[in-house]
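> Right, I'll just put the structure down here and ask away after.
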Amino acid sequence: MQQDILVNWSPQETRVAVVELGAVQELHLERTLERGLVGNVYLGKVARVLPGMQSAFIDIGLDKAAFLHVADVWQKHAEGEAAAARTGQPLVPIEKQVFEGRALMVQVIKDPMGTKGARLSTQISIAGRHLVFLPQDDHIGVSQKIPLEQRDALRQRLQALVGPAGGGFILRTNAEDSSDEELQDDIAYLRKTWARIKEASVRLPPASLLHQDLTLLQRVLRDLVGETTQSIRIDSQEQFAKLEAFGREFMPKAAERLQLYKGERPIFDLYAVDEEIAKALGRRVDLKSGGYLIIDQTEALTTVDVNTGAYVGARNFEDTIFKTNLEAAQAIARQLRLRNLGGIIIADFIDMARVDHQEAVLSEFRKQLARDRVKTSSGGFSSLGLLEMTRKRTRDSLAHMLCEPCPSCHGKGIVKTPRSVAYDILREILREARQFNPREFRVVAGSAVIDMLQDEESQHLAGLSDFIAKPISLQVESGMGPEQYDIVLI
């Protein structure tokens, strides 16, 4: 199935849409201010060793010194020593392993929080699409989530691909069905990345960043591109050039599909992506037949209720139910990807009396789930017509990323954050500036959104004003709700 990837870039956030059969199937979002440090590799400098706490403070160039505990100091063990370490033998004291002023390669394993600095480890791991590379080890491992009976065969296969060059590798859960070519590409990428880190550690002074975890744009090439991908269209010339350079070095096959989008219309307007985002934040999903889904996301699980609605097009009631359920099976699989819903999911299909109808709906549902790059597992129908399934949690759902609990209803509903609304406003101004030529744009919105535009987003607002060569003024309207705004052309 042919696939296109659209990338909408702005200084404040990157948005990626995966399109198949002319419809948006997946949405990915990354905000510049919300990127964490986990995975980053630094050349740190030991600032202080605390034997009493068996820890050390490491300067990695941040405002606060980072924290390294003795349990996170990597040591190369012989086989017997490794076994002893696993059985709880005492660790070598930290004061015998590190000393003040020493340069140390470290990786962030926990972001700084409040008054606490980042937590570090000296064991470096680099994540790829299918593998995790442990350059200091020689161990070949397989994810514990892969069935036990498959692990030995996968381990031997990976060992053969790794060859005499060595290095430790762990096969990730999503690599269970990967081809040898895909794994070889991943091994080459990871080794090249490690070579760059080592080269930078010799060239750069202490407290320098050696390697940063991939941005969403770079992960598009690593994680989203497949054999069916026709094009990756990017609407920023600067980011296109950067991604092309990255792709040529690490993923030349994926880089061949890169295209610079130069159209007048915003790139997401090509497939009405913003409309799809708005629909994906709602509970109700209308089906073409007249039926509809009701999707409720809770802390423990997600429920999907299928309803016939206004659909009465079939010859009899049994056929009406069957056709509604068949269409719902396709729509549910798409919504799981679009909203990035994970964990336990229960779909309440309309009860079907005929076994062949149940099997046809279940077959169609599994066929659609097979297109999902995230690991899924589904059972059959229960006696109540319920279908239980699981989908691996890979990141926050779309609703959690874009919305926050509504202060007006004490968490019973959700609204977009002021930053999300501010970004909607910036996009709307850019869209209208291409169609109209007013003297000034005036934004009328609630105080939280106006405060965001005046304070944290003032630089982006000023940059947009310079780009469209028009002044943008702000006006608070206390009666407006958190998602309401108006753009007045003066």
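Rule-based calculations on the coordinates, nothing more; no lab input. For clarity, every value in this text was computed on a predicted model and none was experimentally measured. No Cβ is skipped: glycine too gets one built from the backbone with ideal geometry, and neighbour counts run over all protein chains shown.
> Given labels modelled 7 Å from the Cα in the Cβ direction, how far is it in nm from Ala241 to Asp466?
Going from the Ala241 label point to the Asp466 one covers 1.7 nm.
> If you average 1/r over all unlike Cα pairs in region 376-417 and invert the result, what Kirkwood radius do you get in angstrom?
13.0 Å
> How far apart, in nm, are two points set 7 Å out from the Cα along the Cα-to-Cβ line at Val355 and at Asp455?
Going by the 7 Å Cα→Cβ label model, 6.5 nm.
> Need one number: % antiparallel among DSSP beta bridges in region 97-190, to the nearest 5.
Rounded to the nearest five, the antiparallel share is 75 percent.
> Which is farthest toward the positive dipole end of the chain among Thr302, Ser55, Gln435, measuring Cα position about the Cα centre, with Cβ charges +1 (Lys, Arg) and -1 (Asp, Glu)?
The residue sitting most towards the positive pole is Ser55.
> Using DSSP, restrict attention to beta bridges with both residues in the chain and report what percent are antiparallel, rounded to the nearest 5.
Taking every DSSP beta bridge with both residues in the chain, the antiparallel ones total about 75 percent.
> Something else now. Taking the alpha-carbon distance from Lys96 and a cut-off under 20 Å, which lysines remain once sequence neighbours fewer than 8 residues away in the same chain are dropped?
Answer for Lys96, where 20 Å is the Cα cut-off: Lys45, Lys76, listed by chain and number.
> Note down the relative contact order for region 356-411 as a percent, whole number, built from C-alpha pairs under 8 angstrom at least six residues apart.
Computed value for region 356-411: 22 percent relative contact order.
> Applying 1/(1 + (r/R0)^6) with R0 = 25 Å to the Cβ-Cβ distance of Leu161 and Leu260, what FRET efficiency is obtained, to the nearest 0.05?
E(calc), rounded to 0.05, equals 0.10.
> If contacts are Cα pairs under 8 angstrom and at least 6 residues apart, what is the relative contact order of the chain in percent?
Rounded, it is 11 percent for the chain.
> Once the Cα atoms of the chain are picked out, what are the Rg and Dmax in Å?
Taking only Cα atoms of the chain, I get Rg and Dmax of 26.0, 82 Å.
> Kindly provide log₁₀ I(q)/I(0) values, in the same order as q = 0.17 Å⁻¹, from the Debye equation applied to equal alpha-carbon scatterers of region 330-454.
-0.93
> What does the extension gain come out to for Glu440 and Ser473, with contour length at 0.36 nm per residue minus their alpha carbon separation?
11.1 nm
> To continue, here is another question. Cut-off 18 Å, label point 7 angstrom out along Cα-to-Cβ of Leu384: give me the residues of region 287-303 whose amide nitrogen falls inside.
Inside the label zone: 294-303.
> Order 401-407, 472-478 from most to least packed using the mean count of other Cβ atoms within 10 Å.
401-407, 472-478
> Based on the alpha-carbon gyration tensor of region 432-490, what equivalent-ellipsoid semi-axes (square roots of 5 times the eigenvalues) come out, in whole Å, largest first?
20, 14, 8
> Region 369-460: which chymotrypsin sites (Phe, Trp or Tyr not before Pro) are DSSP loop and have at most 11 other beta-carbon atoms within 10 angstrom?
Passing both the DSSP loop test and the Cβ count: Phe436.
> Now for a different question. Note the per residue figure in Å³ for the convex hull of the C-alpha positions in region 107-185.
Cα convex hull per residue, to the nearest whole number: 104 Å³.
> Listed highest first by mean packing, meaning other Cβ atoms within 10 Å per residue, what order do 386-395, 360-369, 159-168, 11-20 come in?
11-20, 360-369, 386-395, 159-168
> Where nothing but the Cβ of Lys and Arg (+1) and of Asp and Glu (-1) is charged, how large is the charge dipole of the chain around its Cα centre, in debye to the nearest 20?
Result for the chain is approximately 940 debye, rounded to the nearest 20.
> Taking R0 as 41 Å, what FRET efficiency do you get between Asp63 and Leu430 from their Cβ-Cβ distance, rounded to the nearest 0.05?
0.75
> Then there is this: Output the peptides 25-31, 190-196 sorted from most to least packed, where packing is the average of other Cβ atoms within 10 Å over each peptide's residues.
25-31, 190-196
> Okay, moving on. Quick one: if the Förster radius is 22 Å, what FRET efficiency do Asp486 and Glu275 give, using the C-beta to C-beta distance and rounding to 0.05?
The value I calculate is 0.70.
> Whole Å is fine, so just give me how far the alpha carbon centre of region 439-490 lies from that of region 341-369.
Value for the Cα centre distance between the two parts: 46 Å.
> For a quick size check, give me the Cα extents of region 1-81 along its three principal axes, largest first, whole Å.
Taking the Cα atoms of region 1-81, the three principal extents are 61, 39, 19 Å.
> Have a look at the DSSP beta bridges in region 216-317 and tell me what percent are antiparallel, nearest 5.
Taking every DSSP beta bridge within region 216-317, about 75 percent pair in antiparallel fashion.
> Same structure again: Between Lys367 and Thr115, what is the spin-label point distance in nm, taking each point 7 Å from the Cα along the Cα→C-beta axis?
Here the answer is 6.1 nm between the modelled labels.
> In square nanometres, what is one fourth of the surface area of the convex hull spanned by the alpha carbons of region 253-351?
Computing the convex hull of the Cα atoms and averaging its projections yields 9.4 nm².
> Set the bar at 28 Å for Cα to Cα. Now go through Lys279/Lys375; Lys262/Lys392; Lys145/Lys288 and name every pair that lies beyond it.
Lys262/Lys392; Lys145/Lys288
> Per-residue ellipticity at 222 nm for the chain, helices alone: DSSP H runs ≥ 4 residues times -39500 (n - 2.57), over residue total, nearest 500 deg cm²/dmol?
So the helix-based figure for the chain works out to -10000 deg cm²/dmol.
> Can you tell me, using C-alpha contacts under 8 Å and at least 6 residues apart, the relative contact order of region 217-354 as a whole percent?
RCO, region 217-354: 18 percent.
> For region 120-253, would you read off the P(r) tail past 26 Å as a percentage of all alpha carbon pairs?
Every Cα pair in region 120-253 considered, those over 26 Å come to 30 percent.
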